[in-house]
Every structure is written in structure tokens, then in C-alpha cells.
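This report refers to the structure that appears directly beneath it.
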Ligand code: SF4
């Protein structure tokens, strides 16, 4: 079993972000803890544990989990371990923003059992950070990395965003180079998407910002791919690269379609064909659990074609690819001729050029057996 715990609190909304967050100057850590513990208790009655009784990974995502009182992180890990077996060597990840990584906080996370940190760097260019409405400075990144290393956390992932509007003249190779100099074990690369109802969405609508063109977006992605390979990383999933032995085990569970439980507002859960998700807003989530209710907003059972589509999409995201027999032979052969895929006897693997077209390829795919 894999556990995801969504911590929705942020000190400010980033200009591009449409996640389910709650902007709070002061984080209500104890109210959050008691709500999530109630939800955790509800999950103990679910038959999903029969087939997957032990916890392999725990992932605190957000929002900004590093803003939560570290005692609440410790209490959650402790509460999970009290009723379920957490496997020895389980991966326990916490997402952190650089400004929250004090030495005391890093020590507290480590003592709580966190053994992997995912740091939201996004860029090291002060102008870009200001444009993104990030709440950290470029100078806080090396300090955070140093403190994480100092407390003995040896599995560090850094997040970077590419595909930023050309008007910012961001020096992408320089950002990549500087981030790699920190010596992370893992790097996540996200292409900027423009969502309506975000500051960036509004700037774009008013013509104050122009989306990056496809050529520049592709060039930055391919540049990152080349830089990562030459620095000894495996680009093992469309948005993720790792040094050997440091692939993200929690995210790997999603791509393998292993069972996972999501706790917290807007968290999703998936096991077998069932998918369910919680109410999006923190206030609703807290109220429902406070009234003794259930925070699930909705659930669905995937039918055969949705299952195949999910398997194809998630498989193609990874270096292991998808089963070849999910697609007609002539279709995968056409992808191969175009340079978008490599097709072996039983797998279809997308190339970096193919990853750039992932959504379009899956959308137009003719699925076999549905
Ligand atoms: S810190 Fe992360 S979750 Fe919070 S607003 Fe920024 S991008 Fe969104």
C-alpha cells in the first residue's frame, strides 16, 4: 500500500498554481492533524487492506507540507505505524519549500522518519521567482540543500519548471547547470501549463504574458534530457530523472497502478478499478470529518476501455513503456517510423521526442481489446 497525505496550506498562491490549496499565514496544524487522523480511522474499515496490508511508501505532498508543524508530521507517521505495518526501508517523502528548511525543521523531519525530501526550487533566477510569486529567494536554495544534507537525508529531489514565457529571457541551461551542481539524487521537471483562474491565466488572457512557443518548449525539454543523461541520471519517466537507485518509489506506484490511499482535502485514492477522491476545500474537509462524516466527494469504477487507456498512458510515461499489444501493430510501427517510439517484441517505449507528444499520441490511439 502507498499513502499520499495532502497538506493544503501555502503562504501565498504561486502565479501558475491551480492546486487545491488554502492560503494561510498561520497553519492550523492541530486541526489538520485531528481531521486527517479521523480520515485515517475511517480507512481502517476498508477491505482494500486485505490484499495490501503493509505500507511501502508515504508521501506528504501539497500545498506546502513543510509549513505544517513537524510534530504533526511525526504524529501522522506514528499513527500510521501504530495500526499498519510500515515496511523496513519504506520511502517517506516530504515536499518542502526552501524557506521552510531550517536546521531544526530538517532535524525534526528526519527524527519523525522522513528519509526523502522534495524541494520546490523551480528556478534560481530571482526575476523568475518573483514572477512566479514564489516565496523563497535563490539564495535560500543552497542553504536548504546544505541543511538537508547536514541532518543526514541522502535522498533529495529538486523540482524545476521549464517552458516559461520568452519575455522573461530565462537562461534555462544556466538554471539546469546550477541545480545539478547541488548534487541531487533526483530531479523533477515540469513544463509550465497555463490554467484559467490563476494569475498567469489572467495575464495571458489580457495579453500581458505570452505562452512559450512549441519550439522553445521542446528545445528546453530535450536540452534537459541531454544534460541529465550526461550527468549520470536516468530519465526514467517523462517528468522525472534519478541517479541509479534513486527513482521515486511512491510515484512509481502510480505508474505501475499499485494500490494507493490519499488522505487530506482533494486527495485521490485508487485500487483495482476503483477511483475515489475527497472534497477539494480544506474548510469542507475539516467540517465533514468534524461532524463524523466522510470526506469522499465521489467515486467511480473504471470500465474496460478506461482501464486500458490508463494502463497505456501511465506505461508510456515511463522508461519501461507500455505493453505492445495495447495498440494495433501498424499504429506503434508508425510511431516508431516517426522517431517517437521504440517498439520491441512486447513493449512500446516512447523516446524523448515521443514524450513531448504523449498526450496527443494517447488521445489519438486506437485501443485494442476495448
Ligand atoms: S507552493 Fe506549490 S502548492 Fe503552494 S501555491 Fe505554490 S505551486 Fe501551489
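The values are calculated or read from the model by the stated rules, or taken from the named source; none is laboratory data. Just so you know, these numbers come straight off a predicted model, no measurement behind them. For neighbour counting, all protein chains shown are included, and Cβ atoms are generated from backbone atoms with ideal geometry for every residue, glycine included.
If the condition is being in a helix (DSSP H, G or I) and over 30 Å from residue 243 (Cβ atoms), then the stretch 181-199 contributes only 199. For residue 19, the conditions (1) within 14 Å of the ligand (Cβ to nearest atom); (2) over 20 Å from residue 59 (Cβ atoms); (3) surrounded by fewer than 18 Cβ atoms within 10 Å (Cβ to Cβ) all hold with the exception of (2). Only residues that are away from the ligand (no atom under 12 Å from the Cβ) and either out of contact with any strand residue (DSSP E or B) (no Cβ under 6 Å at 6 or more places or on another chain) or part of a loop (DSSP other than H, G, I, E, B) (or both) were counted in the stretch 1-16, giving 1.
The requirement of being surrounded by fewer than 18 Cβ atoms within 10 Å (Cβ to Cβ), in a loop (DSSP other than H, G, I, E, B) and touching a residue at least 40 places away in the same chain (Cβ under 8 Å) is fulfilled somewhere in the stretch 93-107, by at least one residue. Here is the figure for the stretch 110-132: residues that are within 14 Å of the ligand (Cβ to nearest atom), in contact with a helix residue (DSSP H, G or I) (Cβ under 7 Å, 6 or more places away or on another chain) and in a loop (DSSP other than H, G, I, E, B) total 1.
Just one of the numbered conditions (1) surrounded by fewer than 18 Cβ atoms within 10 Å (Cβ to Cβ); (2) at pLDDT 95 or above; (3) in contact with a helix residue (DSSP H, G or I) (Cβ under 9 Å, 6 or more places away or on another chain) is not true of residue 189: (1). The sole residue among 147, 178, 202, 216 that is within 16 Å of the ligand (Cβ to nearest atom), assigned to a helix (DSSP H, G or I) and surrounded by fewer than 20 Cβ atoms within 10 Å (Cβ to Cβ) is 202.
For the stretch 339-361, the set of residues classified as surrounded by fewer than 19 Cβ atoms within 10 Å (Cβ to Cβ) and in a helix (DSSP H, G or I) consists of 352, 353, 358, 359, 360, listed by residue number.
If you go through the stretch 239-284 and keep only what is in contact with a helix residue (DSSP H, G or I) (Cβ under 7 Å, 6 or more places away or on another chain) and at positive phi, you end up with 257, 264. Scanning the stretch 49-66 for residues that are modelled with pLDDT of 95 or more and in a helix (DSSP H, G or I) yields 49, 65, 66.
A quick yes/no check of all residues on (1) without any contact (Cβ under 8 Å) to a residue 60 or more places away in the chain; (2) more than 19 Å from residue 110 (Cβ to Cβ); (3) surrounded by 12 or more Cβ atoms within 10 Å (Cβ to Cβ); (4) within 16 Å of the ligand (Cβ to nearest atom):
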{"position": "37", "(1), (2), (3), (4)": "yes, yes, yes, no"}
{"position": "49", "(1), (2), (3), (4)": "yes, yes, yes, no"}
{"position": "68", "(1), (2), (3), (4)": "no, no, yes, yes"}
{"position": "72", "(1), (2), (3), (4)": "yes, no, yes, no"}
{"position": "77", "(1), (2), (3), (4)": "yes, no, yes, no"}
{"position": "81", "(1), (2), (3), (4)": "yes, no, yes, no"}
